[in-house]
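See below for the structure under consideration.
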Amino acid sequence: MHAADGSCCGHAHDQGPRHIYIYSPAGAVRDKAGFKRGVRRLEAMGHQVEIDADALSSHQRFAGDDATRLAAIERAAASGADLALPTRGGYGLTRILPGIKYKAVAKAIAGGTRFVGLSDFTALSLALLARTGATTWAGPLLVHDFGRPDDEGGVDDIMLDCFNDLLSGQGEGAGWQMPKIGLREDGKPAVKDFYISGGATLWGGNLAVLVSLLGTPYFPQIKGGILFLEDVGEHPYRVERMLTQLLHAGVLAQQKAIVFGQFSEFKLSSHDKGFKLQTVIDWLRSQVKCPVLQGLPYGHVPTKVMLPVGAPVSLSVEGRDALIYWGHVH
């Protein structure tokens with residue numbers, strides 16, 4: 001179940017074809033080749049892929065103007081698809097949050113459409129949770145995950161396993177092994193063994209997007225939750241500054257655990273003098289009473305698990321092995 005780079009746990013896959021709706025709620029698709037590759041791969045897996053009329057629209061840096069992207073979300077909700085998958089993230093959802101018809105999206109989710117995404121999708125995911133309590137899934141994007149070129153490794157196997165688990169409704173959890181850098185000076189894990197039984201709300205996503213919602217009606221008020229975080233291109237001092245905001249706002253003190261996913265594509269400088277991401281995590285551990293976990297295989301990286309945002313989950317840690325479990329959701 002556990003692997004250094006993560007794994008999903010579920011039953012044997014029901015590999016029947018699924019209806020997947022592709023839409024663009026945020027940034028414009030510039031990588032047309034990646035878009036076509038992603039669609040082709042999903043079709044090769046036997047799925048019926050429906051492409052939104054404005055999936056390749058472009059207005060400034062966005063996939064169409066605000067009204068165009070709001071309409072795309074409405075069509076995704078009305079599609080009756082098994083899964084609604086954004087082409088990409090980028091930026092664009094926070095500015096249209098007041099115009100989203102949340103009840104319609106929540107009704108689609110209750111009817112069986114799973115809304116999945118990453119990065120900027122965090123805005124839609126958390127706003128939906130705050131407004132309706134509906135569960136979405138932190139997971140892949142079309143272009144960056146399914147459209148990944150073969151010479152860069154193609155579609156990641158673990159991500160694909162988790163994706164298939166989700167499509168078949170059989171996903172039960174995600175396990176991973178925390179890095180050795182999470183050890184104390186005496187060699188013992190920085191996190192003691194613990195178990196949080198099902199009932200803690202799993203929530204989170206992209207740190208920068210999440211923090212941008214603080215103080216708005218689109219920020220979920222989660223007490224006793226498990227908060228997971230990831231980001232890309234953010235220097236550790238900026239990560240710490242965002243965490244400080246969550247800390248001072250009282251958000252972190254209300255959580256049962258904080259889980260760090262992957263923080264990728266940043267550059268340290270000579271000015272840092274040893275200040276790095278681990279410095280930030282160690283500092284955070286001195287500021288909060290709850291466990292702070294590392295190494296969750298999720299973020300702007302090829303290997304990623306699927307996570308049910310808004311669902312009650314269990315969390316266990318034994319040594320370096322961690323497991324988030326939501327088998328009781330199905």
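The values are calculated or read from the model by the stated rules, or taken from the named source; none is laboratory data. These numbers come from a predicted model, not from an experiment. Cβ: placed from backbone, ideal geometry, glycine included. Neighbour counts: every protein chain shown. Ligands, DNA and RNA are excluded from the accessible area calculation, which covers all protein heavy atoms including side chains. Shrake-Rupley method; radii C 1.70, N 1.55, O 1.52, S 1.80 Å.
Key figures
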| quantity | calculated |
| --- | --- |
| Any hit, the stretch 271-283, residues being open to solvent by less than 10 Å² (accessible area, probe 1.4 Å) and either within 23 Å of Thr216 (Cα to Cα) or touching a Lys or Arg at 6+ places or on another chain (Cβ under 9 Å) (or both) | no |
| So Arg37, is it surrounded by fewer than 16 Cβ atoms within 10 Å (Cβ to Cβ) and not small (Gly, Ala, Ser) | no |
| Candidate set: the stretch 207-225, residues that are not small (Gly, Ala, Ser) and not in a loop (DSSP other than H, G, I, E, B); chosen: the one nearest to Phe266 (Cα to Cα) | Leu207 |
| Hits in the stretch 141-169 (condition: closer than 19 Å to Val49 by Cβ, among the charged types (D, E, K, R) and outside any helix (DSSP H, G or I)) | Arg148 |
| Exclusive hit being of a type in the set (A, V, I, L, M, F, W, C) and under 24 Å from Gly204 (Cβ atoms), set Leu142, Leu56 | Leu142 |
| The stretch 139-174 - residue that is of a type in the set (Gly, Ala, Ser) and either on the phi < 0 side of the Ramachandran plot or within 17 Å of the chain's Cα centre (by Cα) (or both) and, of those, surrounded by the most Cβ atoms within 10 Å (Cβ to Cβ) | Ala174 |
| Unmet requirement for Thr136, which otherwise passes all of (1) open to solvent by 10 Å² or more (accessible area, probe 1.4 Å); (2) touching a Lys or Arg at 6+ places or on another chain (Cβ under 8 Å) | (1) |
| Count of residues meeting criterion [closer than 25 Å to Pro302 by Cα, in a helix (DSSP H, G or I) and over 19 Å from the mean Cα position of the chain (by Cα)] in the stretch 234-277 | 5 |
| Single unsatisfied condition, Lys103 versus (1) open to solvent by less than 40 Å² (accessible area, probe 1.4 Å); (2) under 24 Å from Ile222 (Cα atoms) | (1) |
| Candidates Ala71, Ala67, Ala33, Ala77 - the one that is closer than 29 Å to Gly173 by Cα, out of contact with any strand residue (DSSP E or B) (no Cβ under 6 Å at 6 or more places or on another chain) and not in a loop (DSSP other than H, G, I, E, B) | Ala77 |
| The stretch 170-206: number of residues that are free of Cβ contacts under 8 Å to residues at least 40 places away in the same chain and not in a loop (DSSP other than H, G, I, E, B) | 1 |
| Selection from the stretch 229-251 of residues that are farther than 18 Å from Gln287 by Cβ and surrounded by 22 or more Cβ atoms within 10 Å (Cβ to Cβ) | Glu230, Asp231 |
| Top-ranked residue in the stretch 176-223 [being in contact with a strand residue (DSSP E or B) (Cβ under 7 Å, 6 or more places away or on another chain) and within 16 Å of Gly250 (Cβ to Cβ); ranked as most open to solvent (accessible area, probe 1.4 Å)] | Ile222 |
| Qualifying residue in the stretch 141-153 (condition: among the aliphatic types (A, V, I, L, M) and touching a helix residue (DSSP H, G or I) at 6+ places or on another chain (Cβ under 7 Å)) | yes |
